[in-house]
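Okay, so here's the structure we're looking at.
The values are calculated or read from the model by the stated rules, or taken from the named source; none is laboratory data. Just so it is clear, the structure is predicted and the values come from calculations on it, not from any experiment. We place every Cβ from the backbone using ideal geometry, glycine too, and count neighbours over all the protein chains shown. Areas reflect the complete protein model, heavy atoms only, side chains present, ligands, DNA and RNA absent. Shrake-Rupley method; radii C 1.70, N 1.55, O 1.52, S 1.80 Å.
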Amino acid sequence: MASLALVAVVVVAGGGTAQADGCYTWNRTLSQGATGEDVRQLQIRLSGYPGYGGVLGLDGSFGPATKSAVVRFQQAYGLAADGVAGNATFSKLYALQDDDCTPINFSYGELNNCNSTWSGGKVSAATAKFNALVSMWKLQAMRHALGDQPIRVTSGFRSISCNSAVGGSSDSRHMYGDGVDLGAGSHSLCRMAQQARYHGFRGILGPGYPGHGDHTHVDHRSSRFWSASACGI
């Protein structure tokens, strides 16, 4: 697991935004109507808070869906739930991320047992690594919703050759970097499959779906496909 980064937070006098060393610093309060890279960075970290069956767009535009995600995040951490991302929201996000922008409870190493370069898949290495980062933030939200107990990742990114070696399907989302397999541990496979419906995963496969009796699979395919009949999904 990624270690907890030591992040220095300073609130600027006069109501300015919180500042932090490390991964990313927001320099203004964000609310509905805002646009820009700082909004997109916020959306990445809130991608696990779209609500049941939803997917939060990472388009840098703070619309109603982003506001709702901010509210859910604020509620999850006991903050004033006004849908505005300001000092308190940013400070919590700083505390939840390591200096490489991964969430504190997941790491790039966990999401890639194939190679160290993220190359050889069906998208560029940079895209595969970014897709894995978004998946980690979704899993961080899911982990918190499940009581902050560990979630065990058993497989993440695979190159085409790695995927072939383990007998993965020819269109496996693992080759795009957004497919993640989860093993039973703190939670049953069914409990994770059921909870994943709330955290931005378009693909959820688990017990009852062929070949998924020993793991729950989540991904970000182009359209929703949920199938875990043994879990009521």
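When segment 143-161 is filtered for residues that are open to solvent by less than 10 Å² (accessible area, probe 1.4 Å) and outside any loop (DSSP other than H, G, I, E, B), only Phe157 remains. Out of the residues in segment 206-233 that are assigned to a loop (DSSP other than H, G, I, E, B) and of a type in the set (A, V, I, L, M, F, W, C), which is least open to solvent (accessible area, probe 1.4 Å)? Out of the qualifying residues, it is Ala228. Candidates are the residues of segment 91-138 that are within 23 Å of Pro50 (Cα to Cα) and out of contact with any helix residue (DSSP H, G or I) (no Cβ under 9 Å at 6 or more places or on another chain); the one that is most open to solvent (accessible area, probe 1.4 Å) is Lys129. Once segment 162-196 is narrowed to residues that are hydroxyl-bearing (Ser, Thr, Tyr) and part of a helix (DSSP H, G or I), the residue that is farthest from Leu139 (Cα to Cα) is Ser164. Filter segment 106-142 down to residues that are within 11 Å of the chain's Cα centre (by Cα) and assigned to a loop (DSSP other than H, G, I, E, B), then give me how many there are. Final tally of qualifying residues: 1.
Inspection of segment 48-59 identifies at least one residue that is without any contact (Cβ under 8 Å) to a residue 60 or more places away in the chain and of a type outside the set (Phe, Trp, Tyr).
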